[in-house]
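Novice: Here it is, the structure, as structure tokens.
The values are calculated or read from the model by the stated rules, or taken from the named source; none is laboratory data. This one's a predicted model, so the numbers in the text were calculated from it and none came from an experiment. So basically every Cβ, Gly included, is an ideal-geometry build from the backbone, and we count neighbours across all protein chains shown.
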Amino acid sequence: MKPALITLAALLLTAAAAQAQPKLPAPNFPTYASAADVQTRCDSGLKGATQRVQALEKRKVDAGWLAGYDDLTVYLEDHQSPNDFILNVHPDKTIRDAAQACSLRWADFGSSLGQNEKVYRALQKAPKADGIDAELVRLASGQFEDSGVALPKAKRERAKQILDKLTELDQQFSKNLRDAGTRVAFTEAELKGVPASVWEKAKRDDQGRILLGVDYPSYVPVMRTAESGEARQRMWLAKTNEGGQPNLDLLARIVTLRGEYAKLFGYGNYVDFNLRRQMAKDGATATRFLDAVTGAVNAREKVELQELRAAKTQHLGTAVDQTQVERWDATFYSERVKREKFSVDQNAFRPYFPPQASLEFAMHVIEKLMGVKYQRVDNKLWHEEAQTYVVSDVVSGKPIAQMYVDLYPRDGKYNHAAVWPLRGSATRIARTPVAALVVNFDRNGLTLDEVETLLHELGHAVHVSLSKTRYAATSGTTVMHDFVEAPSQMLEDWVYDKHVLKLMQEVCPTCKPVPDAMVDQALAAKHYGKGGLFGRQHLYASYDLTLHQQAKPEPLPLWAKMEGATPLGYVPGTMFPAGFAHIAGGYGAGYYGYLWSLVVAMDLRTAFAADKLSPEVGKRYRDLVLGQGAQKPAPELVKDFLGRDSNSEAFFDYLKK
């Protein structure tokens with residue numbers, strides 16, 4: 001009788017869940033059946049966008065004009081955003097290529113719109129009912145001005161040419177990485193130490209060697225655990241040289257064009273042009289900040305390197321004076337030191353964090369903290385494994401957002417971790433936002449580092465989902481670029497809280513609880529690696545700023561010089577900048593923002609010091625920071641939440657631990 005009762009109960013629960021399943025807010029993500037379908041949608045979308053711009057040009061500048069302007073933003077989100085996203089994730093290369101071609105057409109439309117004098121002048125005259133309207137006008141005006149609307153005719157035309165070309169070059173840079181299909185061949189002996197789950201099902205070449213890609217589920221375990229230094233070296237070189245000379249050439253052209261663009265506006269370099277509307281304001285301020293960071297971690301980085309050298313000496317039985325730590329050694333020996341000093345093995349966390357359960361755990365953290373509910377719904381997307389969630393407000397029960405999730409790596413897919421804000425909120429028309437979360441996780445489970453990455457990326461999606469702004473143009477992640485990472489970085493610390501981790505059993509009762517001792521050890525190990533971690537982040541940020549200040553940008557010689565000045569040095573012939581997609585794209589002259597926003601993130605965390613799951617603090621954070629989007633400048637959002645101006649005390653205290 002007992003099994004029958006359980007079956008009946010399960011059926012009843014299933015039926016109840018089906019009845020309770022929320023409806024998918026419209027519109028749904030479009031299905032792209034073929035390259036021709038992409039082309040048809042592209043033609044139709046651009047035609048409609050052009051018609052709407054023409055109507056806006058003729059519209060009377062009255063109290064409803066700003067809403068009409070935002071209606072154009074809404075239209076662009078619904079027609080351009082899906083296309084620009086699908087080129088990063090669709091499994092069909094012909095569809096990706098068609099979407100990339102369409103994206104260039106949208107970029108041409110966007111650069112023309114940015115120089116539309118009629119719309120710009122109307123924006124200046126638009127009546128402003130309150131501070132929210134005024135901030136929309138300020139931000140939108142800045143975007144028009146940055147597009148060259150106020151430049152003389154000849155300079156304006158050149159600005160548009162540069163903007164369109166930059167889009168093309170950035171897309172080609174990313175395409176070269178997505179479509180590279182890099183594979184590294186290993187014998188089983190060379191993969192000694194690497195968990196069998198990483199390679200046992202991998203394809204093999206005609207010699208029987210195992211072929212592994214440079215995606216994170218393959219690359220990270222090899223670099224962390226492969227006993228063979230030669231195997232690690234080949235994997236590291238393949239990843240570091242990804243993109244190759246073609247991408248180095250593209251990056252040089254991108255940075256050169258950005259420098260020319262800044263000069264059209266009277267700026268000596270692209271850094272000062274790009275930062276003038278950010279929290280940092282100018283390159284000198286960003287550089288002083290980075291200098292303060294390196295001063296705090298430089299000594300620690302050198303001490304850590306000596307420990308890695310000692311670990312390699314012990315492992316190989318060589319003399320200390322004959323042992324050199326190479327770039328491909330750093331991760332491997334860092335893991336050995338952590339195991340020896342703190343008994344921490346990141347791979348040991350995988351059994352505790354199955355990928356799907358980890359996603360549900362991360363969402364459950366947000367549910368507890370922010371007063372929302374995530375419910376998965378059946379929905380056809382770009383790939384059979386992509387998932388759809390409806391986000392509902394717990395108090396009202398109303399759906400407030402959608403989130404798409406793409407968890408696993410595949411050929412042709414964006415190979416890092418990111419969130420695309422596909423639709424913004426607009427309360428004036430009851431518009432619900434949509435975000436797409438894309439990661440590349442090991443199907444066998446996540447390390448604690450990867451759970452941290454998951455929470456970080458989910459933080460971006462939450463920023464989109466919980467935005468409650470009047471206008472789509474100021475929703476979610478449209479905030480200042482050196483603040484946009486802060487809400488995500490803030491949540492990273494949650495994975496080291498044992499009280500938070502116990503939520504895993506609420507979403508996965510069959511999952512084994514992570515032992516408290518493992519969490520304590522992981523936190524201690526996290527403190528151990530700060531010298532190398534922040535030293536590397538400082539290098540990336542400083543390189544980005546320096547490259548964008550060069551009169552004649554030379555990406556590789558500059559990188560060789562700057563990396564060569566670090567404790568581990570530069571490996572001749574390697575081409576790291578060829579894979580540095582962040583600075584080829586939206587983080588050009590802005591990568592410092594990762595460290596800058598981390599300072600803000602650590603300050604935001606102080607409000608949650610007593611309880612990381614406090615619903616009261618979470619509600620204030622949701623309302624005063626996430627819900628506001630860019631309706632207020634970032635420093636005001638932080639001040640509203642903390643009750644004071646932000647400071648760097650928490651960050652520099654952390655560096656000292």
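Novice: Quick one: in region 163-178, of everything that is under 11 Å from Ala581 (Cα atoms) and among the polar types (S, T, N, Q), which residue is surrounded by the fewest Cβ atoms within 10 Å (Cβ to Cβ)?
Specialist: Gln172
Novice: Further, regarding this structure: What do you reckon, is Ala486 of a type in the set (Gly, Ala, Ser) and within 14 Å of the chain's Cα centre (by Cα)?
Specialist: yes
Novice: Taking the conditions exactly as written (among the acidic types (Asp, Glu) and assigned to a helix (DSSP H, G or I)), does Glu384 satisfy them or not?
Specialist: no
Novice: Mind checking whether some residue in region 291-307 is part of a helix (DSSP H, G or I), under 30 Å from Leu151 (Cβ atoms) and touching a residue at least 24 places away in the same chain (Cβ under 8 Å)?
Specialist: Among the residues of region 291-307, not one is part of a helix (DSSP H, G or I), under 30 Å from Leu151 (Cβ atoms) and touching a residue at least 24 places away in the same chain (Cβ under 8 Å), which makes the answer no.
Novice: Any residue in region 324-345 that's free of Cβ contacts under 8 Å to residues at least 60 places away in the same chain: show its pairings with residues that are surrounded by fewer than 18 Cβ atoms within 10 Å (Cβ to Cβ) and not in a loop (DSSP other than H, G, I, E, B) at Cβ separation under 6 Å, as long as the two are six or more apart or on different chains.
Specialist: Qualifying pairs under 6 Å: Asp345/Arg339.
Novice: Count, please, the residues in region 330-370 that happen to be touching a His at 6+ places or on another chain (Cβ under 8 Å) and of a type in the set (Ser, Thr, Tyr). Walk me through it before giving the result.
Specialist: Filtering region 330-370 for residues touching a His at 6+ places or on another chain (Cβ under 8 Å) gives 333, 336.
Now drop any that are not of a type in the set (Ser, Thr, Tyr), which leaves 333.
The total comes to 1.
Novice: Is it the case that region 179-188 has a residue that's assigned to a helix (DSSP H, G or I) and surrounded by fewer than 18 Cβ atoms within 10 Å (Cβ to Cβ)?
Specialist: no
Novice: So which residues in region 476-500 are in contact (Cβ under 8 Å) with a residue 24 or more places away in the chain, in contact with a helix residue (DSSP H, G or I) (Cβ under 7 Å, 6 or more places away or on another chain) and more than 21 Å from Val434 (Cα to Cα)?
Specialist: Correct list: Asp482, Met490, Glu492, Asp493, Trp494, Val495, Tyr496, Val500.
Novice: Ok, one more. For Leu446, all conditions in the list (1) within 27 Å of Asp92 (Cα to Cα); (2) in a loop (DSSP other than H, G, I, E, B); (3) at pLDDT 95 or above hold save one; what is the number of the exception?
Specialist: Result: Leu446 passes all but (1).
Novice: Would you check if Lys128 is surrounded by fewer than 17 Cβ atoms within 10 Å (Cβ to Cβ) and either out of contact with any His (no Cβ under 8 Å at 6 or more places or on another chain) or not charged (D, E, K, R) (or both)?
Specialist: Here the answer is yes, as Lys128 does meet what is asked.
Novice: Enumerate the pairs (first residue in region 42-62 and on the phi > 0 side of the Ramachandran plot and at pLDDT below 95; second residue anywhere and hydroxyl-bearing (Ser, Thr, Tyr) and surrounded by fewer than 13 Cβ atoms within 10 Å (Cβ to Cβ)) with beta-carbon separation below 6 Å, excluding pairs fewer than 6 apart on the same chain, so at least 6 apart or on different chains.
Specialist: none
Novice: Looking at the structure I just gave you, is Leu437 touching an Asp or Glu at 6+ places or on another chain (Cβ under 6 Å) and either outside the structural domain of Thr478 (by TED's automatic domain parsing) or on the phi < 0 side of the Ramachandran plot (or both)?
Specialist: yes
Novice: For residues in region 613-636 being of a type in the set (Lys, Arg) and in contact (Cβ under 8 Å) with a residue 24 or more places away in the chain, which is surrounded by the most Cβ atoms within 10 Å (Cβ to Cβ)? Let's see the steps before the verdict.
Specialist: As a first pass, look at region 613-636 and keep what is of a type in the set (Lys, Arg): 619-620, 622, 632.
Next, from what is left, pick out any that are in contact (Cβ under 8 Å) with a residue 24 or more places away in the chain: 619, 622, 632.
Numbers: Lys619: 15, Arg622: 22, Lys632: 19.
Once the filter is applied, the top-ranked residue is Arg622.
Novice: Mind checking which residues of region 327-373 are touching a helix residue (DSSP H, G or I) at 6+ places or on another chain (Cβ under 7 Å), surrounded by fewer than 21 Cβ atoms within 10 Å (Cβ to Cβ) and not in a helix (DSSP H, G or I)?
Specialist: Result: Ser343, Asp345, Gly371, Lys373.
Novice: Can you go through Leu558, Leu539 and tell me which one is over 24 Å from Tyr216 (Cα atoms), without any contact (Cβ under 8 Å) to a residue 40 or more places away in the chain and not assigned by TED's automatic domain parsing to the domain that holds Gln505?
Specialist: Going through Leu558, Leu539 in turn, the sole match is Leu558.
Novice: Shifting gears a bit: Does Glu188 satisfy the criteria of being of a type outside the set (Lys, Arg), over 27 Å from Tyr408 (Cα atoms) and modelled with pLDDT of 95 or more?
Specialist: The answer is no for Glu188.
Novice: Out of all the residues in region 400-437, which are small (Gly, Ala, Ser), outside any strand (DSSP E or B) and within 22 Å of Lys175 (Cα to Cα)?
Specialist: Listed by number, the residues that qualify are Gly412, Ala417.
Novice: Which ones in region 387-425 are hydrophobic (A, V, I, L, M, F, W, C) and either closer than 21 Å to Thr182 by Cβ or touching a residue at least 60 places away in the same chain (Cβ under 8 Å) (or both)?
Specialist: Result: Val390, Val391, Ile400, Ala401, Met403, Ala417, Ala418, Trp420, Leu422.
Novice: Give Asp206, Asp249 a once-over and let me know the one that is assigned to a loop (DSSP other than H, G, I, E, B) and either modelled with pLDDT of 95 or more or farther than 26 Å from Arg156 by Cβ (or both). Before you say what the answer is, go through the steps one by one.
Specialist: Working: Asp249 fails: assigned to a loop (DSSP other than H, G, I, E, B).
Unique residue meeting the criteria: Asp206.
Novice: Would you check if Lys639 is free of Cβ contacts under 8 Å to residues at least 40 places away in the same chain, part of a helix (DSSP H, G or I) and closer than 30 Å to Gly131 by Cα?
Specialist: Yes, satisfied.
Novice: With respect to Thr318, is the statement that it is under 27 Å from Phe186 (Cβ atoms), without any contact (Cβ under 8 Å) to a residue 60 or more places away in the chain, out of contact with any Cys (no Cβ under 7 Å at 6 or more places or on another chain) and among the polar types (S, T, N, Q) true?
Specialist: Against the criterion (under 27 Å from Phe186 (Cβ atoms), without any contact (Cβ under 8 Å) to a residue 60 or more places away in the chain, out of contact with any Cys (no Cβ under 7 Å at 6 or more places or on another chain) and among the polar types (S, T, N, Q)), Thr318 qualifies.
Novice: Further question: Consider only pairs whose beta carbons are under 6 Å apart and that are at least six residues apart or on different chains; among these, list those whose first residue lies in region 353-376 and is within 20 Å of Asp623 (Cα to Cα) and whose second residue is polar (S, T, N, Q).
Specialist: Pairs found: Lys373/Ser392.
Novice: Test of understanding: among Asp70, Asp108, which residue is among the acidic types (Asp, Glu) and surrounded by fewer than 19 Cβ atoms within 10 Å (Cβ to Cβ)?
Specialist: Criteria check complete, one pass: Asp108.
Novice: I'm trying to understand the selection: among the residues of region 325-348, which are over 13 Å from Gly529 (Cα atoms) and at pLDDT below 95?
Specialist: Glu340, Ser343, Asp345, Gln346, Asn347, Ala348
Novice: Let me ask something additional. Would you mind stating whether Leu533 is buried (at least 18 other Cβ atoms within 10 Å of the Cβ), free of Cβ contacts under 8 Å to residues at least 60 places away in the same chain and within 27 Å of Leu237 (Cβ to Cβ)?
Specialist: So Leu533 does not fit the description; no.
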